[in-house]
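First comes the structure, then the notes that go with it.
The values are calculated or read from the model by the stated rules, or taken from the named source; none is laboratory data. Computed from a predicted structure; not experimentally measured. Cβ coordinates were reconstructed from backbone atoms using ideal geometry, including for glycine residues, and neighbour counts include every protein chain displayed.
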Amino acid sequence: MDYDVILIHPPAIYDFRKKPLFSGALGPTVERVQFIKVPLGMLSIADYLDRHGYKVLIDNLADRMVSSKAFAAEEHIRNVSARIYAVGLHFHHHSQGAIEVAKLCKKLHPDSLVILGGLTATYFHEEIIRKFGFVDAVIRGEAEKPFLELIRAFENQGRLTATSNLTYRTDTGKVGVTPLMKQSANLDEFEFTRFDLLEPKTSIFPSDVQPRGHLQVCRGCRYNCVTCGGSAYSYRTYFGMKRPAFRSPGKIVEDIKRLNQQGIRFINLFQDPRMGGSKYWKELMAALRREKLDIDGLSMDLFTPADEEFVREVATIGKQVVLYICPDSGAYDVRRAQGRCYSNEDLLRTVKLCHRYHIPVTVFFSVGLAGETQETIRETWELWEQLCSLDQAALIKGSFGGIECRLPIGGPIIGPIILEPGSLACDFPVRYGYKAIFGNLEEYIEVLSAPSWHQWINYETNLLKRDALIELIFESIQYSIHQREKYGLYDKFRATVERFQAQADMIAVAEVDRIMNLQDRAERESRLKSLRDALDSFLKDVNQDQGVRSG
């Protein structure tokens, strides 16, 4: 065996290179929605096993497949050998890809263990073992210590036994579910920067602009955004985590220095440090300020509006900081129902305060939340206008201290939502104004194997059927293009191309629905391919035509 464990990050859709797909509102290309960034938990699992003497590889299969059309995934998996193949199924987008890769691992290496882990695998753990015979086990919840316990027991016994956090097939063929290990009190014993264990090296936080490193302030959350599979409810119910486990400020500084050594100079700190309390975030700001880190900038999350004390402390770090906040909607009732209980005035006050201290704020919105209507979406659009105006005024005044910003910073950055497995809205859809269209993993896989993004939407709301949701998403995309052009993010050429792209996506949605009603499978596949080819040709011509005109 070449390795004791190979951790595989799969593409969202395993056969995305072989069949026509229409990513539409989810991303400009099919490749972009394969979600190739390796979850941080996979790095810490690999490090933990490596430190205890096991030979480990993190194989970013998604990146290999996106980077090269000639890359043969099956041949690659055939040629890498391990006692255990651990396939990540963190967010549900990877359901189809993860299951297909797990099936392939067992087909090519029948004597090895194939296990799954991650948020979505944890949620569907019993179904996975019951329905997919090629998966030997699911490690639920936090995986570093349970994985080590599993591999040691497997070495001693030669088979799976009832180790912690495990769902597996017993000797009698039944589904065995063992208790969860006590949650980590903090994250200081783990490491999240072991890129020496990751292949290919080109997948270390790829970026179109500059390499960006991602670090987590904590594991878990104190908030309950109802569509989020990483909420306080989700972690408590499925991970057994009663409270978030934080990484100490000193360890975060060490992590940043390690990323610096690997050429990464812009750091995204995930999770709002204020969740750790005043003492924690003040110690973090002091450590970042004291160390005089060799970085170009930091980003941090705000889960709620910030007061002046926090903003002032962030400004004293001595590096450019960008803050991210996600109000989801400009309509207060819609936002409150989502679990974000603050007003537009609170948000605007925070943005103005940050501008006073030369800190840009990027604001994210969702389209299609429970309670959303044609009227409420216009409240969101009005808020976008206010945010863009604030950003423009700040840029004119030079309020961002020389940072290269392009409008709109404050919006509109949008996306259609998904009810993540394990979220409150997924578990109690009626209570929170949703109707779940499919509920088990098998249904997710079937739907995510469909050709178009609009078929992947897994819900309707109390007010909007799927067709109305899709229409609202397209209207918001068109408005966002208008805003980007108005405030200078898009020139006329880019705006025109984006409008044509949106129109093409709208046509594709209607045409895919029509094609999928055909009874003959071969004819469906042929027509989908013809549609994909026609759209690609059309958009290529649009780009060339607009390029000539702008030139």
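Among the candidates Ile115, Ile99, which residue alone is without any contact (Cβ under 8 Å) to a residue 40 or more places away in the chain, surrounded by 15 or more Cβ atoms within 10 Å (Cβ to Cβ) and of a type in the set (A, V, I, L, M)?
Of the residues listed, the single one that is without any contact (Cβ under 8 Å) to a residue 40 or more places away in the chain, surrounded by 15 or more Cβ atoms within 10 Å (Cβ to Cβ) and of a type in the set (A, V, I, L, M) is Ile115.
Quick one: would you say Ala143 is surrounded by 14 or more Cβ atoms within 10 Å (Cβ to Cβ), farther than 20 Å from Phe35 by Cα, touching a helix residue (DSSP H, G or I) at 6+ places or on another chain (Cβ under 6 Å) and not assigned by TED's automatic domain parsing to the domain that holds Ile256? Let's see the steps before the verdict.
On the way: surrounded by 14 or more Cβ atoms within 10 Å (Cβ to Cβ): yes; farther than 20 Å from Phe35 by Cα: yes; touching a helix residue (DSSP H, G or I) at 6+ places or on another chain (Cβ under 6 Å): yes; not assigned by TED's automatic domain parsing to the domain that holds Ile256: yes.
Criteria met by Ala143.
Scan Ala82, Ala72, Ala86, Ala25 and give me the residue that is free of Cβ contacts under 8 Å to residues at least 60 places away in the same chain and either under 25 Å from Ala143 (Cβ atoms) or assigned by TED's automatic domain parsing to the domain that holds Val138 (or both).
Ala72
In the range 340-369, which residues are of a type in the set (Gly, Ala, Ser) and at pLDDT 95 or above? Don't jump to the end; show me each part of the working.
Taking the range 340-369 first, the residues of a type in the set (Gly, Ala, Ser) are 343, 366, 368.
Ser343 - this is the single residue of the range 340-369 that is of a type in the set (Gly, Ala, Ser) and at pLDDT 95 or above.
Report, by residue number, each residue of the range 276-309 that is at pLDDT below 95, touching a strand residue (DSSP E or B) at 6+ places or on another chain (Cβ under 9 Å) and assigned to a loop (DSSP other than H, G, I, E, B).
Scanning the range 276-309 gives Leu293, Ile295, Asp296.
Give the number of residues within the range 123-146 that are in contact (Cβ under 8 Å) with a residue 40 or more places away in the chain and either over 19 Å from Ala46 (Cβ atoms) or aromatic (Phe, Trp, Tyr) (or both).
Number satisfying all stated conditions: 9.
Considering only residues that are in contact with a strand residue (DSSP E or B) (Cβ under 8 Å, 6 or more places away or on another chain) and not in a helix (DSSP H, G or I), which ones fall in the range 134-150?
Phe134, Val135, Asp136, Ala137, Val138, Ile139, Arg140, Glu142, Ala143
Pull out all pairs, ordered by first then second residue, where Cβ-Cβ is under 8 Å, the residues are six or more apart or on different chains, the first lies in the range 329-349 and is in a loop (DSSP other than H, G, I, E, B), and the second is surrounded by fewer than 17 Cβ atoms within 10 Å (Cβ to Cβ) and polar (S, T, N, Q).
Gly339/Asn224
Select, from Glu446, Glu460, the only residue that is in contact with a Lys or Arg (Cβ under 8 Å, 6 or more places away or on another chain) and farther than 21 Å from Phe364 by Cα. Let's see the steps before the verdict.
Values: Glu446 fails: in contact with a Lys or Arg (Cβ under 8 Å, 6 or more places away or on another chain).
Only one candidate qualifies: Glu460.
Can you tell me how many residues in the range 151-162 are in a helix (DSSP H, G or I), touching a residue at least 40 places away in the same chain (Cβ under 8 Å) and among the aliphatic types (A, V, I, L, M)?
Adding up the residues that qualify gives 1.
For the range 1-42, name all the residues that are more than 30 Å from Phe365 (Cβ to Cβ) and either among the small types (Gly, Ala, Ser) or under 19 Å from the mean Cα position of the chain (by Cα) (or both).
Residues satisfying the conditions are Leu7, Ile8, Tyr14.
Tell me which residues, restricted to the range 282-340, are within 16 Å of Ile267 (Cβ to Cβ), over 22 Å from the mean Cα position of the chain (by Cα) and of a type in the set (A, V, I, L, M, F, W, C).
Leu284, Met285, Ala287, Leu288, Leu293, Ile295, Val314, Ile317
Does the range 116-132 contain at least one residue that is over 28 Å from Ser423 (Cβ atoms) and either assigned by TED's automatic domain parsing to the domain that holds Val38 or modelled with pLDDT of 95 or more (or both)?
no
Considering only residues of the range 254-275 that are in a helix (DSSP H, G or I) and among the acidic types (Asp, Glu), which is surrounded by the most Cβ atoms within 10 Å (Cβ to Cβ)?
Ranking the candidates gives Asp255 first.
Considering only the range 479-530, how many residues are over 30 Å from Leu395 (Cα atoms) and over 29 Å from the mean Cα position of the chain (by Cα)?
Here the count works out to 14.
Could you look through the range 85-96, keep only residues that are closer than 27 Å to Phe154 by Cα and either out of contact with any Cys (no Cβ under 9 Å at 6 or more places or on another chain) or surrounded by fewer than 24 Cβ atoms within 10 Å (Cβ to Cβ) (or both), and pick out the one that is modelled with the lowest pLDDT?
Among residues in the range 85-96 that are closer than 27 Å to Phe154 by Cα and either out of contact with any Cys (no Cβ under 9 Å at 6 or more places or on another chain) or surrounded by fewer than 24 Cβ atoms within 10 Å (Cβ to Cβ) (or both), the one modelled with the lowest pLDDT is His90.
Condition (residue is part of a strand (DSSP E or B) and more than 27 Å from the chain's Cα centre (by Cα)) applied to the range 177-194: is it met by at least one residue?
yes
For the range 514-544, how many residues are surrounded by 14 or more Cβ atoms within 10 Å (Cβ to Cβ) and closer than 21 Å to Ala25 by Cα?
11
Search the range 244-268 for residues that are at pLDDT 95 or above and pair each with any residue that is of a type in the set (S, T, N, Q) and surrounded by fewer than 16 Cβ atoms within 10 Å (Cβ to Cβ) when their beta-carbon atoms are under 9 Å apart and the residues are at least 6 apart or on different chains.
From the range 244-268, the pairs are Ala245/Asn186; Phe246/Asn186; Arg247/Asn186; Ser248/Asn186; Lys251/Asn186.
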